[in-house]
Structure formats: C-alpha cells, structure tokens
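Read the structure below first, then the notes.
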Amino acid sequence: MKNIFLLPAILFTLLLLGSCSNDDDTPELVNEEELITTLTVTLVPEGGGTSITLSTQDLDGDGPDEPIIYVSSNLSAGVTYNGSISLLDESSRPAEDITEEVEEEADEHQFFYTVGSGLDVTVNATNFDSDGNALGTEFSLVANGVSSGILTFTLRHEPNKPTDNLATAGGETDIEASFTISVE
Amino acid sequence: MRIYFLMILLICSFPLLSQDCDYTLRGILTDFHDGTVLEGATIIVAGSERSFVTDSEGKFIIHHLCNETYSIQVSHPFCLTKGFRLSVTGDTFKTFKLEHHLEELNEITINGKVVSNQSKTLQENIINKEELERYSSRSLGDALANLSGVSSLNTGNTVIKPMINGLHSSRIVIINNGVRMEDQEWGAEHAPNVDVNSISKLTLIKGAGALQYSGDAIGGVIIAEASKVPFKDSIYGKTQLGVGSNGRGMFFNSELIKSYDTGWYTALQGSIKQFGDFETADYNLSNTGIYERNALLKFGLNTYDIGFEALYSFFKNEIGILKASHVGSAQDLLRAIESDQPLVINEFTYDIDAPKQDVTHHLARIKAYKRLGGLGKVKFQYDYQKNNRLEFDIRRGADRGKASLDLELDTHTLRLDLDAKTSNQSNLKVGFMGSYQKNFARNTGVRRLIPDYDKYDLGAYVIGDYQANEEWLFEIGARFDFTKMDVFKFYRTSFWESRNYNQQFSELVVEDFGSQILTNPKLDFNNGSGTLGIVNSFDEKHTLYFNYSLTSRIPNPSELFSEGLHHSASRIELGDLSFNSEIGHKLSFTLERKEDKFSYSINPFINNISDFILIEPVSTTSTIRGTFQVWEYRQTNAQLLGVDLNATYVFNEQMQFNHQLSIVKGQDKTQNEALINMPPVNTTNEIVYYNNKFNNLRLALQSEYVFRQNEFPNTNFEVYIPNTESYVEVDVSTPPPAYHLINFNSSIDFDFSERSILTLGFQVTNLLNVSYRNYLNRMRLFADDLGRNFLLNIKLKY
C-alpha cells in the first residue's frame, strides 16, 4: 500500500524539479510574420514627369497607434498614370517585401480600387494571375477631369475570383487604405 | 486459498490429548464499516465440523476448545465469507468484523448510483447512461444542454460549451473521472476535451456544491464519471455504431471491461467520430467538419478497505470553423452580416481546412484509497494533464499551413482527502491539494494571445454534514486557495504606454525591444470560498433544499493579458493586469416532489457577483487592415436571477410527459444594463411512450421552444464604407427571432444472444427542417443553424 503512495509522490517531485530547472528561460520575442505595416502606391505619369507617391504606414499593427497617411502631390487632369503597389513589413529589420508573396499567390489575392464620389478618375488592374483574373498590384489610373475625393485600395485574401465587386467578393481584408486626392 | 485451509485443517485435526480442552470462546460479529452487529452469520470451526449461528445481538459462544490456534470461517448472507486465525488461551473473547457493504456496493452498481451525492444540500441533476448514449455522436455540451438551467455557448455546431444559469468558461468547473479539467477552458470557443462515450454518468451542480474539487465554480460544477466495476468474475462491454445524415458522418465506440471477484479490474474504451460539412435547411456550411478520436485505459483494485486505480485517457479533436466566418476588418464583418447567406458556400467535403482547431488532451491519473477503521477513508490522487491547442488561420506565404496559435498547457495535481464518518449522523471531509501548471506558447509568427506562465496552487477544504433527524440535514463547508502566477509577457510598447503601465508597472519590465517590451508580472491571489446548506424532507414526497455558496475565482489569463487582435472574433481585445478575483454569492432554493405519478422541482436562484469580469466594446481603431472594434475587459457588479422548472407526469405504465422551463436574467448593476450572451427563456416539452413488454420500445417526441432574447446590451457600432462613402451601423448585438424545433427519438431492444442485447436507435433532430439562428451561437452572424438530421444507431451490449 505504501508503494502506491510513494511512487506518484516521487514522480511528482521529479516532474516538479524538472520543470523548475528551465524556469530561467525567458520566452522568445515574436515578430508578426504576416504583418503589413506599409503600403506605398507609386504613380508614374505616361510620357514622363514627376512620380506621385501615396503611402500609409502603421508600425504597431493592431496596436493603438493610428496609421500615418501621406500624399506627395496632386494629380494632373488628362494624364494617364502607371501605378504600382508595394507592401512592406517594416517592423522587421531589414524591412520585408510582402509584394512578392502576394504576387506569388496571385490566384488568392486581388486589389480592388474604390473611387469615391466627386473624384473623376478611372482605375483598372494591369497585371493578372495565371487564370487571367485581376491581381492588381499594377494598374493604370486615368485622371479624367479636375476633381477631388477619396481613393481606396483594398487587398483581399481568398476572394471569390473572378470578381470586380468588393461587396460580394468575400475573403478577408488584408489592407484597406484610403487617400484623399485631388486632380488639378 | 483452499490449500491454505486444508493445511490448517490438517494441523488442527491432530488431537493433542495432553491438553485440557474445556475453554470457551465468546465472540461478537460486527460490520467493519459502522459497527452494527450482524445476526444470522454462520461460524465454522475448521477441523471440528461444528457450526454456530450468531444471535440477534451478533453474539456467539463456542464451548470445549483447547489452548490452541484455530481456523474459523465466518459467513453471512450479505458479506464475503472470511477466514480468521485465532489463538485460544483460556476463556477468550473476540470481536470479528465483516465487510457488510460488499453486497450493497453491488446493488448500487446495478442501480447505476455509484458515487454518493457530491453536495447534499444542492439538488443535483443527473444524466444517466441510457440518456448519454443518445448523445454518442454528439458532444458533452449537447448532452448537458438537455438539463433545465443549462444552455450552451456554441461556435458553429461542433464547439459546444456548457453554460449553467447564464455562466460559462472559467466560471464552470468540469471534473472528469475525478480530475479537474485544465483544457484552456477560459476561451469561449474552446469546447471541453471530454469524450461523451467515456463516461456513464453526468452530474450537474448549479453552484459551488463541490468544494472538495474547487472554490471557484461561480457558475457550477459538472462531474463526469465512469461506472464502478462490480465485484464479480465477469467480462462485459458494448459496441456502438452510428450514422448521421447531416454531415454524412459516422461514429464508432467500443468498450470492454474485465472484472474479478477479488476486486481487480481493467477496462478499455475507444471511439472515433467523423463528420463532413454540416448543412442548414437551405445550404451547406462550408468547412464545418469534425474528426474526433478518443481512447481510455484503466486498471485497478477495488475492495472495501483498500483500492487503487491507474487511468490514462487520450482525446484528439479536429474541428473546422465555418469558412465564411473568417473575416478581416469590421467592414468585412458588416458584409458578412448583411449577406443573407454565408459569402463562401462550397461543395460538401470531409476535408477540414483552415480556419480550424486541432486539440489534443492527455490525462493520466493514479489514485489510491484505504479505509482506516474508526477514522474513515483516506484518498490520495496524482494527476497529470497535457493539453495542446492548435488554431489555424488562413495564412500567407511560408506560414501557410502553420498554426497561428500553439499553446501547451501542462498541469500536475496532487490531492489528499479524508472522508470520515464522525458519528451515525455526521460526516466530515477534509483535504489538501497542490498543483503546478505551466503554459507554453510556441512561436508561430503571430504574437502570443496567452503568455507563457507558471502557476502554483495550494488549497485546503473542510466540509461537514449533520443529519439531525429524518427531516433535517445541515451542511457547512469552507475552502481556502492560494495561487501564484509567474508570467512572461511581451507588451506592444504603444499599448504599454497608452495604458500608463510604464508609470504603474515600470518595475515589471525585463527587457525593452523597441516596439515590444518583455515584462515579468508576478501575481498572488488568496481566495476563500464556502457553502452553507439545509435540507428539509418535510414529508415522504417533498424535499426543500436551501443553499448559500460563496465562490472566488481568479481572473483567467485572457482577462489579464489579452492585448491584440482576436482573429476568430475579428475584434481587438484588451485585458487588464490589475484585475482582482471575482466573488460570487449564490442563494439557491429548491422545492422537489418525487412521486410515482407527478414529480416536479422548482429551483429559483440569485447569484450576486462582485468584480464580475466582462468584456465590452469601447471604441473602434483604424489599422492598415481597416477598422476594428476594440473590446476591453472591465470589472463590475453583476446579478443573475432566474428559475429552473422540471416536471414529469406519468399517465400510465407506458406514457409519460416531461416539461422543462428555464429563465435567467443577467444585469450589470453598475451600468444598469443587461449582460451579454444571457440564454433566452426556453422550454422543452416531451411525450414519451415506453413499453417494457414489447422489447423496451421507446418513442419520444420533443418540442423545444426558444424565445427571442429581449434583454441585451447594444454593442453595435458604425464603420466607414468606402464603396458607398457612408457610415453604416454594424449590428452585432440584435438577437435572432424565437424558434421552435421538433425532435424525435426512438429505440428498441432485441435479445441478440443469451448474454447480449442489441439496441436499435433512430433519431431525427429538427424534424421540420426549420431555418433558425441561435443567439448563443457565435456563428449566428454568418449562417443559419443546423437543418434536419437523421441518425441511426446500433448498439450491442455483451
């Protein structure tokens, strides 16, 4: 009978000691691997001229700090721009380029462009996945007339492709960035 | 044994003529357990063929004995026959003790009541084996939800979390085969890791009635246990096979038990369950399959005065989470809510894809007991649990297929208990327990939801009861727990500073990594709990129960340390490092009538909880991924009020009517608003036909009516939608309408062979294929609940 009590008691002590011995280990720091902190849109005017940059940066991810939004200058009416989108994780050193990952998984990602009322621009994707459906990390933007309003870029992960309707696309939003821009 | 007797017989049969053989042995035969005298026992003196019978006072006299060692065999109709060796030196007096309870134990086993009441002054609700077998293909939560006062908080239809009188998760303690489950129960979307097929009885105590296990069960205690193995040479078991139409799945369960009349036994049980995508009345619920595997092995010795048992159980469950519920920002959530049907509906499949959960739970336990005459039963138990929870989200790049959450929780517990019968009218239970728990969160490339911690618990309790007379019984108990937590937690620097923790808790900082800070909080909690109860059985049919219980619960790790996006809820959740323990005061009163014709119980209760921890929305925050609602934990004073009603009317031997009604109201007393996720009023009515002359045919038709929850906090919020350039309200709080389900249940027995019975069961749930949504299902924002399900079940008992 005594043995019955003794055995687990010894076991328990051993386990307790065993688990105490590595107590000094502090846990390893986790950097969010899939975090996207920065979206940069570069608009290069066809036929030359100064490029325009739109960017949003949120270094603490879903922490309390709000994203910082930057628009370099106004667009010119009647000009067509070749647009490209770059995604970075600047929380890791060196900053990681997420655009590559998105382009590698083109069939599971899509950028949507939402042109707000008042803004007179036309945006269309110019790069596509292997099925010929829009990916949209590259696009063309035609600044039609003098106007201003909000332009929103939305990156969806696993939308129901093909689609151009954000409302029924489904999937999960990875990025939603709105910029107030003016065409002059 | 027989040889031993024969040898003694031989030795004793040598007549030693030189001796004077005229001595007298007087004796008394009593029960080992309570000392009552045993009448009518036969006493045989080996070698002499002389037998004697004890009188009404348990006494006997044997004349003409020598100064010699004798072998005496004592037998009694209700006891195991026992041999004694006895030296006679002159006239001798001797008390013999027999284990009178063995026969009773067997009887108890047959009746299915193997364990004495866990609490004497709280009415217990029990689900027996037959009832549990109807839930073989489902879960513990489904079986429990059948009791009045119990609902379930669901995530889809496979993560079923029991809710007692409106409380769930850390406020409910589950005892599985004598072990307190430590399976990350703090999470609202973490179902209990208990296989419903591994247990044969479920006891529900709606209060802190079981102080021997815990003092923090503010909501209640659920005790799951296996049936006791009888004292006889036997081998028995059962095998069940079931198929279900909804989810196109099957389950298989088999168990085998070998027992010996010496008290040794061994048992083996295993089950497997697989279902594919379930469906509502109208569409497929994509990625809602389940694949569950369980095994249990135990062996032990169970005699009246000593015993031990070693047990190991394994539980593994892979659960798909509705694809359409995987949303990013609040804008995504809005779209999902506004769509009548889920935004992702694919073809039926058995494959379980991300998002999903994959949980493994190991439980090993050794227990032993010894009955010390005069003192009581001393029990020792050591248990070890290892819980590994993996949660998979839809990930990108190299992280695809890798878990987002990987928590490993190890718990060691030692217990020492003494159950003493201090007099014929009173009992005393005292005990100590110590436990060590370690949580380890593996680096998954996603910030830890729950930090690494070590937790130490020490507890002691004492419970006494006193049966004053046939009418009155009193019970009183107290428990004290000391808990120490040693935590390593990384905070985001921006959060640490926005909360002012850099001023308040600057001494906790271990290392500054720039954007993150490593801290080492050390938390101590001293918690007291107690119970006081009275039972009055004022006539043969009626009993009144009154119970007051005081419970204290330490904040769980998510309440203390949450800080970031909770993906499955698509909201940011923030805990608070400075929380103290929740204190519950529950008053419960039950009037019970038990009679052949008409039985009922009425159980009103009031539960006042100070420093009640709840989570509520406080604001929205913009991130690069869109807008998220921010939910913060807060402490307040809460009150839960309600009544549970059960009634049974027996028309005749064949027909019976059952009724259940549960009402609960929860209020945040500080803010004067309703508590979130309170079960709506619900009532179940059932008519049962049973014929024991016709193969135990049982037919039951059940109506389940769930009212709309009209009392809820408004947690709606507005988000900006770029498409329409407007702010739109996201309605996350309005409860769905009332619904009515009809279920049918039937079974019939056949004699398969001389010693085995074949039972065929046929069930239909949601017979009318109603489309409905359940307020307590977290998936209600995205999809309807389950449509009709046909379930066929074959059981062979041998």
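The values are calculated or read from the model by the stated rules, or taken from the named source; none is laboratory data. Note that this is a predicted model, so its numbers are computed, not measured. Every residue, glycine among them, receives a Cβ derived from its backbone with ideal geometry; neighbour counts consider all protein chains shown. Just the protein is used for accessible areas: all its heavy atoms, side chains included, with ligands, DNA and RNA removed. Shrake-Rupley method; radii C 1.70, N 1.55, O 1.52, S 1.80 Å.
General observations
- Among the residues of the range B:350-357, at least one is in a strand (DSSP E or B), in contact (Cβ under 8 Å) with a residue 12 or more places away in the chain and open to solvent by less than 30 Å² (accessible area, probe 1.4 Å).
- Residues in the range A:166-182 that are under 19 Å from the mean Cα position of the chain (by Cα) and either surrounded by 24 or more Cβ atoms within 10 Å (Cβ to Cβ) or at the interface with chain B (Cβ under 9 Å from one of its Cβ atoms) (or both): A:LEU166, A:ALA167, A:ALA169, A:GLY170, A:GLY171, A:GLU172, A:THR173, A:ASP174, A:ILE175, A:GLU176, A:ALA177, A:SER178.
- Residue check, B:PHE482 over 24 Å from the mean Cα position of the chain (by Cα) and among the aromatic types (Phe, Trp, Tyr): no
- Pairs are defined by a Cβ separation below 9 Å, a sequence spacing of at least 6 or placement on different chains, a first member in the range A:103-120 that is at the interface with chain B (Cβ under 9 Å from one of its Cβ atoms) and in a loop (DSSP other than H, G, I, E, B), and a second member that is open to solvent by less than 20 Å² (accessible area, probe 1.4 Å) and among the charged types (D, E, K, R); the pairs so defined are A:GLU105/A:ASP129; A:GLU105/B:ARG396.
- So A:SER73, is it outside any strand (DSSP E or B), of a type outside the set (A, V, I, L, M) and modelled with pLDDT of 85 or more: yes
- Elements of type strands (runs of 3 or more DSSP E) in the range B:621-691, at least 3 residues being within 14 Å of chain A (Cβ to nearest Cβ): B:626-650
- Residue check, B:SER581 within 26 Å of the chain's Cα centre (by Cα) and open to solvent by 10 Å² or more (accessible area, probe 1.4 Å): yes
- Any hit, the range B:418-426, residues being in contact with a Lys or Arg (Cβ under 8 Å, 6 or more places away or on another chain), open to solvent by less than 40 Å² (accessible area, probe 1.4 Å) and closer than 28 Å to B:THR155 by Cβ: no
- Meets criteria (out of contact with any Cys (no Cβ under 8 Å at 6 or more places or on another chain), farther than 23 Å from B:THR413 by Cα, open to solvent by less than 10 Å² (accessible area, probe 1.4 Å) and assigned to a loop (DSSP other than H, G, I, E, B)) for B:GLY247: yes
- From B:LEU741, B:LEU699, residue being touching an Asp or Glu at 6+ places or on another chain (Cβ under 6 Å) and under 28 Å from B:PHE275 (Cβ atoms): B:LEU741
- Lone unmet requirement of (1) buried (at least 16 other Cβ atoms within 10 Å of the Cβ); (2) of a type outside the set (S, T, N, Q); (3) modelled with pLDDT under 95 for B:LEU372: (1)
- Matching residues, the range A:138-150, being within 14 Å of chain B (Cβ to nearest Cβ) and either in contact with a Lys or Arg (Cβ under 9 Å, 6 or more places away or on another chain) or of a type in the set (Val, Ile, Thr) (or both): A:ILE150
- Exactly one residue out of B:VAL770, B:VAL706, B:VAL719, B:VAL764 is within 30 Å of A:SER117 (Cβ to Cβ) and β-branched (Val, Ile, Thr): that is B:VAL719.
- Of all residues in the range A:137-184, those being of a type in the set (D, E, K, R) and part of a loop (DSSP other than H, G, I, E, B) number 4.
- Inter-residue pairs, beta-carbon under 9 Å, first touching a residue at least 40 places away in the same chain (Cβ under 8 Å) and farther than 21 Å from B:GLY215 by Cα and in the range B:532-556, second in a loop (DSSP other than H, G, I, E, B) and among the hydroxyl-bearing types (Ser, Thr, Tyr), 6+ apart: B:VAL535/B:THR121; B:THR543/B:SER537; B:LEU544/B:SER537
- Top-ranked residue in the range B:77-96 [being within 52 Å of the chain's Cα centre (by Cα) and of a type in the set (Val, Ile, Thr); ranked as modelled with the lowest pLDDT]: B:THR81
- All positions within the range B:250-283 that are part of a strand (DSSP E or B) and closer than 30 Å to B:PHE782 by Cα: B:MET250, B:PHE251, B:ILE272, B:LYS273, B:GLN274, B:PHE275, B:GLU279
- Selection over the range A:74-94 of residues that are in contact with a Pro (Cβ under 9 Å, 6 or more places away or on another chain) and within 14 Å of chain B (Cβ to nearest Cβ) gives a count of 0.
- Hey, B:VAL535 β-branched (Val, Ile, Thr) and closer than 30 Å to A:GLY61 by Cβ or not: no
- Per-region count, the range A:114-150, residues among the hydroxyl-bearing types (Ser, Thr, Tyr), surrounded by fewer than 17 Cβ atoms within 10 Å (Cβ to Cβ) and closer than 20 Å to A:SER51 by Cα: 4
- Counted residues, the range A:40-73 - those being within 14 Å of chain B (Cβ to nearest Cβ) and hydroxyl-bearing (Ser, Thr, Tyr): 4
- In the range A:151-158 there is no residue matching the filter, namely being touching a Ser or Thr at 6+ places or on another chain (Cβ under 6 Å), surrounded by 19 or more Cβ atoms within 10 Å (Cβ to Cβ), of a type in the set (A, V, I, L, M, F, W, C) and within 14 Å of chain B (Cβ to nearest Cβ).
- Residues in the range B:517-533 that are within 14 Å of chain A (Cβ to nearest Cβ) and either touching a Ser or Thr at 6+ places or on another chain (Cβ under 6 Å) or open to solvent by less than 10 Å² (accessible area, probe 1.4 Å) (or both): B:ILE517, B:LEU518, B:THR519, B:PRO521.
- B:ALA403 falls short of the stated requirement of being within 12 Å of chain A (Cβ to nearest Cβ), in a loop (DSSP other than H, G, I, E, B) and out of contact with any helix residue (DSSP H, G or I) (no Cβ under 8 Å at 6 or more places or on another chain).
- Count of residues meeting criterion [closer than 17 Å to B:SER329 by Cβ and among the polar types (S, T, N, Q)] in the range A:140-162: 2
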